[in-house]
Structure formats: structure tokens, C-alpha cells
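Undergrad: Submitted below is the structure of interest, expressed as C-alpha cells.
The values are calculated or read from the model by the stated rules, or taken from the named source; none is laboratory data. These numbers come from a predicted model, not from an experiment. Positions of Cβ are backbone-derived with ideal geometry, glycine not excepted, and every protein chain shown enters the neighbour counts. Note: accessible area is taken over every heavy atom of the protein model, side chains too, but ligands, DNA and RNA are not part of it. Shrake-Rupley method; radii C 1.70, N 1.55, O 1.52, S 1.80 Å.
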Amino acid sequence: MSVNAVAESGTAKQKGLRSGALGLLGSVVVGTASVAPAYSLAASLGLVVAAGAGLKAPAIILLAFLPMFCIAMAYKELNSAEPDCGTTFTWSSRAFGPRSGWMGGWMIIASDVIVMANLAAIAGSYSFELANQVGLHNTLSSSTLASTIAGVAWIAIMAWICYRGIEFSAKIQYVLLGIELLTLLVFAGTALFRVFAHHAVSTAVRPSLSWLLPTGMSAGTLASALLIAVFIYWGWDSAVASNEETDDPGRTPGRAALLSTVLLLITYLVVTYAAVAFAGVGTDGIGLGNSTNAADVFAAIGPALYGDSFIGHLGMGLLSISILTSSALSTQTTILPTARTALSMATHGAMPKKFATIAPKFLTPTWSTLGMGVLSIAFFLGMTAISPSILLALIGAIGLLIALYYGMTGFACVWLYRRTLTSSPRNLMMRGVLPMFGGLSLMAMFGFALVQYAKPDYLVDDAGNNVTLFGIGAVAVVGMGTLAVGAVLMVIQQLVNPAFFRGETLPKQVWGGTTSSFVEGPLAVPAGLAAGVASVELGPDSGVPDRVAVV
């Protein structure tokens, strides 16, 4: 039996998910759609510029890609050995022990729940903005209550779609992602054409290759801007979280993760160049440095870019549709990997077993999927009740969590493969150098950014008031407070179900050795292989470790 055949017959059947539901294209679509390119740019590009990047925003986009690509490589290498939908939770447990793994899983779930509040707010507001574009005039897009109700509705709808099955979800993503990418291409093409044709606004700047060089920024500014840009790329790991439902669990998800990050880089660089060139980075008008534009740069640029003609209204309509579908689609693709992380944690005893329940008709997690929807709605309503301005703090807070769990995954790759790093130049680079660089880069960003985020005046609302909690910058409080909540929940779960925390259900391992056999015993077999398999013959390029030893 081949390694892939063993993997396919192992984890998917153990958890009850539908095997072979996604191919490479479907996985790339899931990974790319999860990032929500249009929404991510709309919500983050202005913040990158305002953080001090200015005209160097394309350089930040490029630099943020480098650790993302390195971590994507770590995901690929780890997934080839153990294609478990728990991803960081599973691999960190294998490498560093149950508590590190539990916190890794918690950071995935928490960051997804937090971002859902932002996604829901954007989707709710743009629902009414789109109605305006098609002639149903209203002022509800500026109403917090109306946008909140619409946002809750979007979360509920997308949770239901995820519950209906990954194949059904993927079909919707094909169409909506295609519209989204086409709209971004039209936006960038129109903006660059007008700049080079000298028909742009007075603040326009002619593009320059020097924008790709990260010069003239302090270390703190660079780290803060990079952490925001990391958020723009975040989400491609959804392609790996659906690994147990692909046609080739050991290969397809990793390849899809790499392809997704490259596709995002190209899209982001083109759109960022176009937006910066057309609007400029000033603090007045449509300038990207204007704090009033930070929440949605496309809404600020669109009217000036497309004008008031029929074609202009069509362009704005497409832009509104793109942001709406992007944010709505991302709520769907955010629920999908989070539910599978919770499913894996529950399967291994790190969460209540209810979360391991599978819908027999659709072969999707039930409690994990619907619970994610309910929890996201509750968090969205809670944050909105505290202050709509607090939603501005969420993107930075998510960046802190992303940096930690992505960095942890990079370190887990190096540690698990430490015995075979010097066995070949390929292994040294793919399993050692790149994952370590990605992990260290993200940890450095985390440290610098946390200091900046804690400053009371780091974030201000539209009225110029500091957005703080307990007198400390709200971004830092939300980020670190989330980790504290996770630590408390971990202690509670350990008291309720200690087996996982004793290493009985997901023991630590070392990957690599001189033989081509796995250590016997169900606990020593990676989750990606069927329990009871004692030996599997491997080729030199299989990507699966030669031996797994329990430590």
C-alpha cells in the first residue's frame, strides 16, 4: 500500500470527513478565498501606509510575503508526514508537547473568531452599500445597528453553507473568488492607466521600482507595518486544514498552500502599486495616509477613480460586490478551518468530545461548525456593544496571534525533522533554514509590534480619541488578553480530561532516522497513517520521515 493510500484511509475515516472532495485547484481556491484578498486590502492597506510605510507599502507587501512563504513551506513539509486537519495543534503537540499544541490550536480558533467580527461588520455594511449601487437608495450602511444585524445574518448563512459540506462550499467559492480577482484586476488596470495617461487626481504619484525597497523606516515602524501586512496574507493555511478531504492528503494541501501565497503576492503587489500611485499617501482627501480611509481604502478611492458616468457606477458596483463577496466568502472559509481544528482537538481529547461529532449526511463537523458560528456572533455583538471603534483594534490583535502560531509551526518543523536536516541540502533548506527564518521573523515582528500596540496613542478613532482598554493600547490588550483566556481554558480542560495533557492521545515524536519503518504501536503512528501499520516502504522523495519515534 502506498503512503498516500495509507494516509487517505487513515485520518479521514478516523474523523469521519469526506475523503477526496478537493483536488489541487479546489484546495488553491479554498486557500486563496480564505484570505479574502479584496477585503484584506480594503481593511489593511490604509493601516500599512499610516503605520509609516508611505510609498514603501509595496515593499512591506513583498517583505511580509517572505516569512509567509517560508511558513507555507513548513506546512507543506509537516503535512507530507502527518496530514491532520488540526495542523499547528497536532504538529506542535508532536514537537513540543500537549500544552504548546493546545495553545497553538487555541490561537487558530481565537484569531478566526476575532476576525469574524471584522468580516461581519464589512459584509453587513457593504450589503447596504451594494443596495445603493443598484438603485435601492438607503443610508443604512452607516448605521451600526443595521450593519450589525446584516453581519449576524451573513455569519449564520455561511455557517449553514459550511455545514452542508466542503464540496458545496467549494463550488460557491469558485464563482465568488473569480469575480473578486477580476474586479481587483479591473481596479488596478484602471488606476494605472489613468496615472500613466495623466488623468488621475492631483495627489497621484508615478510608480517607481524604489517602492519595493524598505528604506527610510525605523525598526519599530517596519515591524508594525509588517505585522499588519501579515494579516493580509493570513488564511492560506485553510488549504492545509482541509487536508483530510483532498484527493492526495500528503501532497495536495502543501502544494496548494505554496501556490496560494504566490498568487496572493502577485495580486497584492499589482493592486497596492495601483492604489498608492492613484491616490498617493497623503493625509487629506483620498490619500491612503488619511485615517478616515483606513477602514476601507476602496470606498475612498472608487468614486474618484471611476467617476459619475454609467461605466463609473458599474465599476463601483463591481467593487462593492467584490468587497461584499470577499468578506462574506471569508466568513465561510474562516469557519471551515476553525471547525476542523476544533474537530481534531476534540478527537485527540483536547476539547469536549461533542466537538468531534460529524453530520452523517454531509460528513462535516456539526458542533464545531455551528459552534463556531454561534461563538462568532456572540463575539461580534459583544465587541460592537463595547464600542464599534474596538473593531479597529482587532486586525492588529489578530496579527499578534498569527505571528505566534505561524512562528510556532515553523519551529515545530525544524524540531520534528532535526535528525535528518543534514541528510541532504534539500532537507536542510526546506525543513530547516526556511521554516526557522519564517519563525524567527514572525517572532521579531511580534516583539516589536507588541511594544507599539501597547502605547495608548497607537490607535485613534474617527474623532481623534485614543482607542484603549484599561489605559493600554486596545490592540495589545485584545491580543494578549486572548492568550490569557486560552491559558485559563487550557487549565480547565486539563482538569476535565487529563489524558491528552499526559501525552497519551497525541504523544511527542522525533521524525527521522536510518530505517524506513515506523515504530510499532497505535500511539507511535502519525495521525495521517492508519493505526496498526507497523512498516511502510518509502521512496527517497516521498517527503515522509523515515522513522517516527515516541519521546
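Undergrad: Would you grab the residues whose amide H sits under 5 Å from the one on Ile358? Only those 5+ places off in sequence or on another chain, please, with H modelled 1.01 Å from N.
TA: Residues meeting the criterion, in which the H sits 1.01 Å from N, are Thr366.
Undergrad: If you fit an axis through the alpha-carbon atoms of helix 57-81 and take the longest principal axis of the Cα set of the chain, what angle between them do you get, 0 to 90°, nearest 10?
TA: Here the helix axis deviates by roughly 20 degrees.
Undergrad: Among Val451, Ile61, Ile492, flag the residue with its Cα farthest along the positive direction of the charge dipole of the chain, charges on Cβ as +1 for Lys/Arg and -1 for Asp/Glu.
TA: Ile492
Undergrad: Let me ask something else about it. Give the lysines whose C-alpha is closer than 17 Å to that of Lys353, dropping any in the same chain fewer than 8 places away, or say none.
TA: Lys13, Lys15
Undergrad: Would you mind calculating the relative contact order of the chain from Cα pairs under 8 angstrom and at least 6 residues apart, reporting the percent as a whole number?
TA: Averaging sequence separation for qualifying contacts and normalising by length gives 28 percent for the chain.
Undergrad: For Arg255, what accessible surface area do you get with a 1.4 Å probe? Give it in Å², rounded to 10.
TA: The accessible area comes out at roughly 100 Å².
Undergrad: If you don't mind, another one. For a test of the definition: using alpha carbon positions, the gyration tensor, and the 1.5 limit on a/c, classify the range 202-339 as rounded, prolate or oblate.
TA: It is oblate, given that a/c is not under 1.5 and a/b is not larger than b/c.
Undergrad: I've got another one for you. Report, in degrees rounded to the nearest 10, the 0 to 90 angle that the Cα long axis of helix 166-196 makes with the longest principal axis of the chain.
TA: In the chain, helix 166-196 runs at an angle near 40 degrees to the longest axis.
Undergrad: Give me the accessible area per residue for the range 19-75, probe 1.4 Å, as a whole number in Å².
TA: On a per-residue basis, 17 Å².
Undergrad: Here are some pairs, Lys171/Lys508; Lys354/Lys455; Lys455/Lys508; Lys56/Lys455; which of them have Cα atoms lying more than 31 Å apart in this structure?
TA: Lys171/Lys508; Lys354/Lys455; Lys455/Lys508
Undergrad: Ignoring ligands, DNA and RNA, please state the percent of accessible area on the chain from carbon and sulfur, probe 1.4 Å.
TA: Summing carbon and sulfur atoms, their accessible area is 68 percent of the total for the chain.
Undergrad: Moving on. Which whole-Hz ³J(HN,Hα) couplings does the range 463-471 yield from phi under the Karplus relation 6.51 cos²θ - 1.76 cosθ + 1.60, θ = phi - 60°, glycine and proline marked x?
TA: Once rounded to whole Hz, the list reads 8, x, 8, 5, 9, 10, 9, 6, x.
Undergrad: Ignoring ligands, DNA and RNA, what accessible area per residue does the range 288-331 give at 1.4 Å, in Å²?
TA: 33
Undergrad: Rolling a 1.4 angstrom probe over the protein heavy atoms, how many square angstrom per residue are accessible across the range 162-241?
TA: I get 43 Å² per residue for this part.
Undergrad: Counting residues in the range 327-425 as N, plug N into 2.2 N^0.38 Å and put the Cα Rg over that result.
TA: 1.41
Undergrad: Can you list residues from other chains, or at least 5 along the same chain, whose modelled amide H is less than 5 Å from the amide H of Thr246?
TA: Counting only residues 5 or more places away or on other chains, the set is Gly20, Ala21, Leu22.
Undergrad: Quick one, which of (i) 43, 25, 24; (ii) 35, 27, 23; (iii) 39, 24, 22 is the actual semi-axes √(5λ) of the Cα gyration tensor in Å calculated for this model?
TA: (iii)
Undergrad: Taking the 0 to 90 degree range and rounding to the nearest ten, how far is the long axis of helix 144-163 tilted relative to the main principal axis of the chain, both from C-alpha atoms?
TA: The angle comes out at about 30 degrees.
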